[in-house]
Amino acid sequence: MVTVVIGTGPAGVSAALPLVEAGLPVILVDGGYKVADLDVTQPYEQFRRTNVDQAFTFIGPASYAIRNAEMGGLKSRAPGLASCFAGFQEHYRATNDGFHLVGSLSSGGLSNAWGAGVATFSDLETADWPVDRGELERSYDRVTRRIGVHGVQQDPMDSVFGDMPGLQPPPRLNANARYILENAERQATDLERDGFRLGRARNAVITRETAGRRACNLKATCLYGCASRSIYAARFDLEWLLKQPNVTYRALGVTSVERTASGYQVRGHSGDGYAPVRIEADNVVLAAGTIGSTALILGLKKAFGKKLRLLTAPQAAYAILLPRRLGQLHSDHDFALAQLSISVELDATRHGPAFGNLFSTSGMGLTGFIHRSPLGRVASLRLISLLSPAMLAGNCYLPGETSDNDICLLPDGGLHLSGRITKTQIEAFAELKRRLSRTMRKLGAVLVPASFSIAGPGRDVHYAATLPMRRNPGEFETNEYGELAGLPGLHIVDGAVLASLPAKAHTLTIMANADRIGRSLVKKCLTAELAAVV
Amino acid sequence: MGIFKMTSEYESGDRPDLAHEGRAMLSLFLGRPPSGCSVDEYIDAIGSVSDGRSLSLPRWALTPVVLTLFQGPILLRRDLMRAVRRRMDIAFQIGETEPAPSRYFRTRSVNFLSAALTIILIGAAEAFRMVCSVTVGSVLARLVTSRSASSW
């Protein structure tokens with residue numbers, strides 16, 4: 001039985017690996033855009049101080065970073081990550097109403113620009129899911145070991161992140177994060193009483209060498225890519241998959257999936273010259289990302305105009321200043337992804353706590369800060385270059401149930417997304433801001449005035465639950481193996497099938513769920529082959 | 001009609017003006033003359049986000065001191081002000097890619113008191129700049145606006 005896997009991001013490779021390891025024939029398909037490893041080997045600060053050709057890295061060809069200045073996060077304007085985001089909106093002919101759409105057609109998908117934060121969903125958070133919890137936990141274990149995760153187990157955030165076997169030691173904290181963590185440890189009981197947890201972050205970044213990947217060497221270039229491959233990206237697993245004899249790969253912009261008498265037909269156009277291509281398969285694993293998979297399913301069911309609810313984790317960003325650290329310099333060696341994580345119980349939402357991370361400002365540069373300063377540009381430059389080493393940047397997310405977005409396929413085949421900032425979100429963020437401000441004061445820091453800003457819908461890129469798994473699935477709902485009614489053998493394995501979306505990072509859960517569904521598909525294929533032989 | 005679209009090869013006679021503008025904008029942030037590469041980067045950037053023409057500000061306005069006054073409060077005509085600010089942001093971003101020494105990189109740590117004093121001085125200088133913007137700047141802005149009205 002031939003299985004075609006559409007999408008080679010974290011979900012696609014996680015579902016493909018068990019199939020390939022079982023020796024089953026697999027066709028892997030993605031949009032074909034390639035993201036290379038970062039070619040900067042110097043530490044960020046040193047590189048910026050000394051390299052005369054750094055405009056190539058930070059501005060890029062054809063003024064890429066400047067043309068994308070309005071795009072929001074640093075990653076979306078990092079020239080080295082341009083091909084991660086290229087062509088997605090055009091491919092799906094997406095229009096947006098208040099929704100900032102981010103997607104990828106690249107090999108490895110959005111993991112090429114991943115913040116690498118990982119967490120497991122708790123029993124409570126998956127209570128409504130139709131999945132066998134034991135199966136899901138075994139998949140969490142396998143994925144965690146495969147991608148390599150660092151963190152500490154005995155920590156106030158332990159109950160938020162959940163058990164993860166084989167955690168690697170975390171990288172060294174920078175002085176600001178260490179100062180906050182030490183103060184938080186001294187006041188742990190107080191914080192706990194306030195429903196505020198603070199501890200070490202967990203990231204899919206290796207601190208021990210493994211095959212083909214080097215341990216994190218604290219170069220602080222993480223936001224532009226990683227030269228040592230310490231930050232996990234699905235393209236690393238894809239490289240292994242492509243070496244296997246039972247794997248075929250096609251760079252293909254998939255435009256439709258159709259049901260045939262014997263299975264499925266996947267249509268699209270190849271990257272080279274847009275030649276139409278057709279692939280026939282018995283099974284389809286749909287891992288094109290929540291948006292891509294939903295678009296293909298709406299097209300398959302010819303559900304034009306049908307609006308599906310899209311969950312996102314509403315996001316806000318802020319900065320905190322540690323007055324005691326004023327006057328210091330950035331360290332040459334630092335870790336630019338999340339160093340600390342926080343979890344805050346909020347009265348404004350009953351859907352679970354808010355979740356956030358604190359980052360070193362090393363590796364962020366000054367351009368990102370300048371737009372938030374009320375002063376003139378020159379004074380802002382002087383001020384921020386002085387304050388930045390004494391700051392930590394933070395983000396925080398609300399549970400997906402507080403979001404209000406939808407996705408639909410227009411009669412002309414284009415995709416339309418709309419999103420709104422709700423009253424619940426505004427109230428929850430206002431409460432969060434108050435709580436952060438109060439807690440940070442206790443920890444010897446101040447929330448920088450005017451730094452707290454709510455990002456628009458979609459900017460969090462935590463998209464999920466358009467085709468959720470249910471015990472008794474209705475229309476546009478899936479069973480425990482990501483199958484829609486009437487479409488046996490078509491398994492959706494990405495964020496689209498998550499049945500809930502807590503505020504914490506969801507990629508590890510998408511991968512574990514894809515691994516679980518991939519394994520069930522192996523059993524199904526082997527049983528069918530055995531039956532055919534008998 | 002007197003309106004000429006700049007070609008992508010920068011064959012237009014506007015390039016020297018744009019280079020002059022870029023040098024002034026970049027010097028504002030770097031605190032020293034920029035490298036030729038940064039000026040070229042500025043010209044390319046303006047070409048990629050707009051029609052690639054200079055702001056047509058008079059030469060005397062393209063000095064860091066006068067540009068400092070034009071950072072605001074709003075003095076210039078609204079559309080011109082928006083264009084000046086956008087170009088300042090572009091220059092800021094390009095300036096950051098020049099290696100040290102520049103205002104972007106501090107090379108020595110200082111103690112808390114020195115840092116606090118520096119913040120106070122930055123605040124005071126900014127207040128003084130804003131007063132100058134409103135008084136001297138408004139006179140200069142009128143001259144700039146009348147001079148550039150026909151071309152902007």
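The values are calculated or read from the model by the stated rules, or taken from the named source; none is laboratory data. Predicted model, so just to flag it, every value in this text is computed and none were measured. In this analysis, Cβ positions are derived from the backbone assuming ideal geometry, glycine residues included, and neighbour counts consider all displayed protein chains. Surface areas here come from the heavy atoms of the whole protein model, side chains and all, with no ligands, DNA or RNA. Shrake-Rupley method; radii C 1.70, N 1.55, O 1.52, S 1.80 Å.
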Pairs with Cβ under 6 Å, 6+ apart, first in segment B:27-51 and closer than 25 Å to A:R382 by Cα and facing chain A (nearest Cβ under 10 Å), second open to solvent by 40 Å² or more (accessible area, probe 1.4 Å) and of a type outside the set (G, A, S): B:L28/B:P64; B:G31/B:R103
Scan of segment A:414-437 for residues that are touching a Phe, Trp or Tyr at 6+ places or on another chain (Cβ under 8 Å) and either over 16 Å from A:T349 (Cβ atoms) or within 14 Å of chain B (Cβ to nearest Cβ) (or both), ordered by number: A:G414, A:L415, A:L417, A:S418, A:G419
Pull out all pairs, ordered by first then second residue, where Cβ-Cβ is under 7 Å, the residues are six or more apart or on different chains, the first lies in segment A:331-357 and is closer than 15 Å to A:N176 by Cα, and the second is surrounded by fewer than 17 Cβ atoms within 10 Å (Cβ to Cβ). A:D332/A:Q46
Assess whether A:S373 counts as being without any contact (Cβ under 8 Å) to a residue 24 or more places away in the chain, surrounded by fewer than 23 Cβ atoms within 10 Å (Cβ to Cβ), within 26 Å of A:I59 (Cα to Cα) and within 13 Å of another protein chain (Cβ to nearest Cβ). yes
Which residue pairs have Cβ atoms under 7 Å apart, sit 6 or more places apart or on different chains, and have a first residue in segment A:89-112 that is in contact (Cβ under 8 Å) with a residue 40 or more places away in the chain and at positive phi and a second that is assigned to a strand (DSSP E or B) and of a type outside the set (A, V, I, L, M)? A:G98/A:S418; A:G98/A:G419; A:G98/A:R420
Return the residues of segment A:72-102 that are part of a helix (DSSP H, G or I), in contact with a strand residue (DSSP E or B) (Cβ under 7 Å, 6 or more places away or on another chain) and of a type in the set (S, T, Y); say none if nothing qualifies. A:S83
Filter result (at pLDDT 95 or above, among the β-branched types (V, I, T) and out of contact with any His (no Cβ under 8 Å at 6 or more places or on another chain)) within segment A:484-534: A:I492, A:V493, A:V497, A:T507, A:T509, A:I510, A:V522
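Give the residue that is nearest to B:L69 (Cα to Cα), with candidates limited to residues of segment B:119-144 that are crowded, with 17+ Cβ neighbours inside 10 Å and within 7 Å of chain A (Cβ to nearest Cβ). Full working, then the answer.
Just the residues of segment B:119-144 that are crowded, with 17+ Cβ neighbours inside 10 Å, to begin with: B:122, B:126, B:129-130, B:133, B:137, B:140-141, B:144.
Then keep just the ones that are within 7 Å of chain A (Cβ to nearest Cβ); that gives B:122, B:126, B:129.
Details: B:I122: 15, B:E126: 10, B:R129: 7 Å.
Per the criteria, the residue is B:R129.
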Which condition does A:G199 not pass, out of (1) farther than 30 Å from A:S520 by Cα; (2) open to solvent by 30 Å² or more (accessible area, probe 1.4 Å); (3) not hydrophobic (A, V, I, L, M, F, W, C), if it passes all the others? (2)
Could you check A:R350 against (1) farther than 24 Å from A:R434 by Cβ; (2) surrounded by fewer than 21 Cβ atoms within 10 Å (Cβ to Cβ) and say which number it fails? (1)
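Somewhere in segment A:40-48, is a residue closer than 17 Å to A:I6 by Cα and either in contact with a Pro (Cβ under 7 Å, 6 or more places away or on another chain) or crowded, with 21+ Cβ neighbours inside 10 Å (or both)? Before you say what the answer is, go through the steps one by one.
Quick first cut of segment A:40-48, residues closer than 17 Å to A:I6 by Cα only: none.
No: segment A:40-48 contains no residue that is closer than 17 Å to A:I6 by Cα and either in contact with a Pro (Cβ under 7 Å, 6 or more places away or on another chain) or crowded, with 21+ Cβ neighbours inside 10 Å (or both).
From the residues in segment B:92-102 that are over 14 Å from A:R382 (Cα atoms), not in a helix (DSSP H, G or I) and not polar (S, T, N, Q), which one is least open to solvent (accessible area, probe 1.4 Å)? Can you show your working first?
Taking segment B:92-102 and keeping what is over 14 Å from A:R382 (Cα atoms), we get B:93-94, B:97-100.
Subset that is not in a helix (DSSP H, G or I): B:97-100.
After this cut, where a residue has to be not polar (S, T, N, Q) as well, the list is B:98-100.
Details: B:E98: 10, B:P99: 26, B:A100: 35 Å².
Among them, the one singled out is B:E98.
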Have a look at A:P411, A:P389 and point out the one that is within 14 Å of chain B (Cβ to nearest Cβ) and either at negative phi or β-branched (V, I, T) (or both). A:P389
Report yes if A:A428 is in a loop (DSSP other than H, G, I, E, B) and either open to solvent by less than 10 Å² (accessible area, probe 1.4 Å) or in contact with a Lys or Arg (Cβ under 8 Å, 6 or more places away or on another chain) (or both), otherwise no. no
Looking only at residues that are of a type outside the set (S, T, Y) and either without any contact (Cβ under 8 Å) to a residue 24 or more places away in the chain or within 14 Å of chain A (Cβ to nearest Cβ) (or both) in segment B:54-68, which one is nearest to B:G31 (Cα to Cα)? B:P64
Can you tell me which residue within segment A:50-62, out of those that are part of a loop (DSSP other than H, G, I, E, B) and within 24 Å of A:S107 (Cα to Cα), is nearest to the other protein chains (Cβ to nearest Cβ)? A:I59
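Just for strands (runs of 3 or more DSSP E) wholly inside segment A:165-282: which have at least 2 residues that are farther than 30 Å from A:L296 by Cα?
Details: elements: A:196-200, A:247-259, A:264-270, A:276-281.
Fully inside segment A:165-282 and qualifying: A:196-200.
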List the residue pairs whose Cβ atoms are under 9 Å apart, where the first residue sits in segment A:406-418 and is touching a residue at least 40 places away in the same chain (Cβ under 8 Å) and more than 16 Å from A:T312 (Cα to Cα), the second is assigned to a loop (DSSP other than H, G, I, E, B) and charged (D, E, K, R), and the two are 6 or more positions apart or on different chains. A:L409/A:K302; A:L409/A:K306; A:L410/A:R93; A:D412/A:R93; A:G413/A:R93; A:G414/A:R93; A:L415/A:R93
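So that you can scan it fast, the table gives a plain yes or no per residue for (1) surrounded by 16 or more Cβ atoms within 10 Å (Cβ to Cβ); (2) away from chain B (no Cβ under 13 Å); (3) not in a helix (DSSP H, G or I):
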site	(1), (2), (3)
A:Y64	yes, no, no
A:E70	no, no, no
A:S104	yes, yes, yes
A:S111	yes, yes, no
All-but-one check, A:A204 against (1) surrounded by fewer than 18 Cβ atoms within 10 Å (Cβ to Cβ); (2) at pLDDT 95 or above, failing number (1)
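If you take the residues of segment B:103-118 that are open to solvent by less than 40 Å² (accessible area, probe 1.4 Å) and either more than 10 Å from every other protein chain (Cβ to nearest Cβ) or not in a helix (DSSP H, G or I) (or both), which of them is nearest to B:L75 (Cα to Cα)? Write out each step before concluding.
The first filter runs over segment B:103-118 and keeps only residues open to solvent by less than 40 Å² (accessible area, probe 1.4 Å), leaving B:104-105, B:115-116.
Next, from what is left, pick out any that are either more than 10 Å from every other protein chain (Cβ to nearest Cβ) or not in a helix (DSSP H, G or I) (or both): B:104-105.
On the way: B:Y104: 27, B:F105: 31 Å.
Across segment B:103-118, the extreme among qualifying residues is B:Y104.
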Of all residues in segment A:337-362, how many are more than 13 Å from chain B (Cβ to nearest Cβ) and farther than 27 Å from A:E431 by Cα? 0
Check on A:S418, touching an Asp or Glu at 6+ places or on another chain (Cβ under 6 Å) and surrounded by fewer than 20 Cβ atoms within 10 Å (Cβ to Cβ): yes
Can you give me the number of residues within segment A:20-49 that are of a type outside the set (D, E), within 14 Å of chain B (Cβ to nearest Cβ) and in contact (Cβ under 8 Å) with a residue 60 or more places away in the chain? 7
